[in-house]
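A.B. asks: Dropping a structure here in C-alpha cells format, bear with me for questions.
The values are calculated or read from the model by the stated rules, or taken from the named source; none is laboratory data. This is a predicted model, so every value here is computed, not measured. Neighbour counts are summed over all protein chains in view; Cβ atoms, including those assigned to glycine, are modelled from backbone coordinates with ideal geometry. With ligands, DNA and RNA removed, areas are computed over all heavy atoms of the protein, side chains included. Shrake-Rupley method; radii C 1.70, N 1.55, O 1.52, S 1.80 Å.
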Amino acid sequence: MHDGSGRIVVQNLSKQFGAVNAVQNLSFTVEPGSVTGFLGPNGAGKTTTLRMLLGLVTPTSGSATINGRPHAQLGNPARVVGSVLENEGFHPSRTARNHLRVYAAAIGVPDRRADELLGLVGLGSAADRKAGGFSLGMRQRLALATALLGDPQVLVLDEPTNGLDPEGILWLRNFLRSYAREQRRTVLVSSHLLNEVEQLIDQVVIISQGVTRYYGPLEQLRKGQQSRVLVQPADPGALVKALQENGIQQVSPTPDGRVAVAGSSVQQIGDLAAKAGIAVYGMQEEHADLERMFFQLTQGQYAGAPGFPPQPQYQGPPPGYPQQYQQGQQQHWGGPQR
Ligand SMILES: Nc1ncnc2c1ncn2[C@@H]1O[C@H](COP(=O)(O)OP(=O)(O)OP(=O)(O)O)[C@@H](O)[C@H]1O
C-alpha cells in the first residue's frame, strides 16, 4: 500500500537511451500544498523523467515514487495520480463526453463525473463535439479533465500551457493554485519556458542536460535577481576608472560604448561621474528578469552585468522540506472552480 503522503520523490534517477544520457542522477522532492514547476530547455530530460514517474519508461537506475511507491505498485493509480503528457491522442470520432465516459468506466467512476469535469474545464458547450475537431487548447482542456476523473491526489502536467490563450492560462493558474493549496494536492507542471509558468508555480526544479541546476522556492530565485544601470558617458574608460577608484567594482564596458554597473544606484553613479568631471548623456536602469536567470542556469551562457546573476547553485530543498488551445465555436477556459 502507498503512504498517502502525496509526495513525489525522485532519487538518483537516471535514464540512458543508447548513447544518450537523457536523465542523470536526478533527485528532488515535490510536496503537496503548492504547485511545482519542472523546468528545463528542450531535451533536458523532463518528459523522460515524468514518464519514468508514471511508469511508462523504466529507469536505468534510481527511483521515482509517488506516495512512497513506484507507479506500478499504486493499486488504482488513477485515484492517486492524474497526468497530462504531450501528444496524447483522443479517438478522433469520439465526442468529448464519450471520451471521458470511456475513461470513467475504466477506473470505476460514475458517468456523471464526465459532465462535471467538462463544465469545470470550460468544455460544457463542446461536450457533444468530436475530439478530432478540437483545437490544441481544447485538447489540453480535455486531457486535463481526463486526468481529473479519479479526483487524484497528485497531478502531473507536461507543458500544460501549450496552445492556451491568455484567458486559458489565467484560468489554469487559478485552478491549479486552488487544487494545490486549498485541497492540499501535489501539482507538478513541466515547461521549457519559465515565463509561461511563472504565474502558475510556487516551487521550482530546474534541470538541464539531465542534471538538477536549482531546486527551491521561486521567490528565492527572484530575490537572487540584481538590477544593473547602463550608463552612456562621454568617456567610458574614464568612467570605469573613476567608479573603480571609488570602490565600485561591478563595472564593465559594453560593446555599444556604454558602461554596465551593478550594485549601485543611478544617483550614486551620477554623483561620482560629476565629481570626476565626466559628462553622462543617459542612464538606464535594467532589471534582470527571471527568464534570463533561467537561461543562465540552464545554458551557462548569460553575458550580463558583472556580478549578475549570483553564481548558479544547487539549492537544497526549501525550508521545512524533508531532504531527501480554433475550430468552430471558440471555447474559453473559465468553468466554475471547485
Ligand atoms: N525513446 C527515446 N529514445 C531515444 N532517445 C530519447 C527517447 N526519449 C527521449 N530521448 C532523448 O532524451 C533526451 C531528453 O528528452 P526529453 O523528451 O526527456 O526532454 P524534454 O526536457 O522533455 O524536452 P522537450 O522540452 O523538448 O519536450 C533528448 O536527447 C531526447 O532525444
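A.B. asks: Among the residues of the range 145-163, are any among the small types (Gly, Ala, Ser), more than 26 Å from Arg79 (Cβ to Cβ) and open to solvent by less than 60 Å² (accessible area, probe 1.4 Å)?
C.D. replies: Taking every residue of the range 145-163 in turn, at least one turns out to be among the small types (Gly, Ala, Ser), more than 26 Å from Arg79 (Cβ to Cβ) and open to solvent by less than 60 Å² (accessible area, probe 1.4 Å).
A.B. asks: Using beta carbons and a limit of 6 Å, which pairs, at least six apart or on different chains, have the first residue in the range 55-69 and under 18 Å from Leu85 (Cα atoms) and the second one exposed (fewer than 15 other Cβ atoms within 10 Å of the Cβ)?
C.D. replies: Sorted first by the residue in the range 55-69, then by its partner, the pairs are Gly55/Ala72.
For every residue, the table says whether it meets (1) part of a strand (DSSP E or B); (2) at pLDDT below 90; (3) of a type in the set (D, E, K, R); (4) away from the ligand (no atom under 16 Å from the Cβ).
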position	(1), (2), (3), (4)
Tyr214	yes, yes, no, no
Leu230	yes, no, no, yes
Leu243	no, no, no, yes
Gly270	no, no, no, yes
Glu286	yes, yes, yes, yes
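A.B. asks: For the range 62-121, how many residues meet the condition of being in contact with a strand residue (DSSP E or B) (Cβ under 7 Å, 6 or more places away or on another chain) and open to solvent by less than 40 Å² (accessible area, probe 1.4 Å)?
C.D. replies: 11
A.B. asks: Within the range 22-34, does at least one residue satisfy the condition of being hydroxyl-bearing (Ser, Thr, Tyr), surrounded by 16 or more Cβ atoms within 10 Å (Cβ to Cβ) and within 16 Å of the ligand (Cβ to nearest atom)?
C.D. replies: No: zero hits.
A.B. asks: Moving on. Among what's in the range 1-14 and is touching a strand residue (DSSP E or B) at 6+ places or on another chain (Cβ under 7 Å) and aliphatic (A, V, I, L, M), pick the residue that is nearest to the ligand (Cβ to nearest atom).
C.D. replies: Going through the qualifying residues, I end up with Leu13.
A.B. asks: Something else: Does any residue in the range 174-192 that is of a type in the set (D, E, K, R) come within less than 8 Å, Cβ to Cβ, of a residue that is part of a helix (DSSP H, G or I) and more than 16 Å from the ligand (Cβ to nearest atom) six or more places away or on a different chain, and which pairs are these?
C.D. replies: Here the result reads Arg185/Tyr179, each pair linking the range 174-192 to a residue that is part of a helix (DSSP H, G or I) and more than 16 Å from the ligand (Cβ to nearest atom).
A.B. asks: Before we move on, is Leu85 out of contact with any Pro (no Cβ under 7 Å at 6 or more places or on another chain) and over 17 Å from Val189 (Cα atoms)?
C.D. replies: Taking the combined requirement at face value, the residue does not satisfy it.
A.B. asks: Looking at (1) among the aromatic types (Phe, Trp, Tyr); (2) open to solvent by 20 Å² or more (accessible area, probe 1.4 Å); (3) more than 13 Å from the ligand (Cβ to nearest atom), which is the only condition Phe17 fails?
C.D. replies: With respect to (1) among the aromatic types (Phe, Trp, Tyr); (2) open to solvent by 20 Å² or more (accessible area, probe 1.4 Å); (3) more than 13 Å from the ligand (Cβ to nearest atom), Phe17 is out only on (3).
A.B. asks: Now a separate question. Within the range 45-90, can you find the residues that are within 13 Å of the ligand (Cβ to nearest atom) and of a type in the set (Ser, Thr, Tyr)?
C.D. replies: Thr47, Thr48, Thr49, Thr58, Thr60
A.B. asks: Among (1) over 30 Å from His71 (Cα atoms); (2) open to solvent by 10 Å² or more (accessible area, probe 1.4 Å), where does Val261 come up short?
C.D. replies: Among (1) over 30 Å from His71 (Cα atoms); (2) open to solvent by 10 Å² or more (accessible area, probe 1.4 Å), Val261 violates only (2).
A.B. asks: Related question: Any idea which of (1) under 14 Å from Leu188 (Cβ atoms); (2) open to solvent by 10 Å² or more (accessible area, probe 1.4 Å); (3) not β-branched (Val, Ile, Thr) is the one Phe38 doesn't satisfy?
C.D. replies: Unmet condition: (2).
A.B. asks: From the list Glu167, Glu196, exactly one residue is within 30 Å of Pro41 (Cα to Cα), charged (D, E, K, R), assigned to a helix (DSSP H, G or I) and within 16 Å of the ligand (Cβ to nearest atom). Which is it?
C.D. replies: After ruling out the rest, the residue left standing is Glu196.
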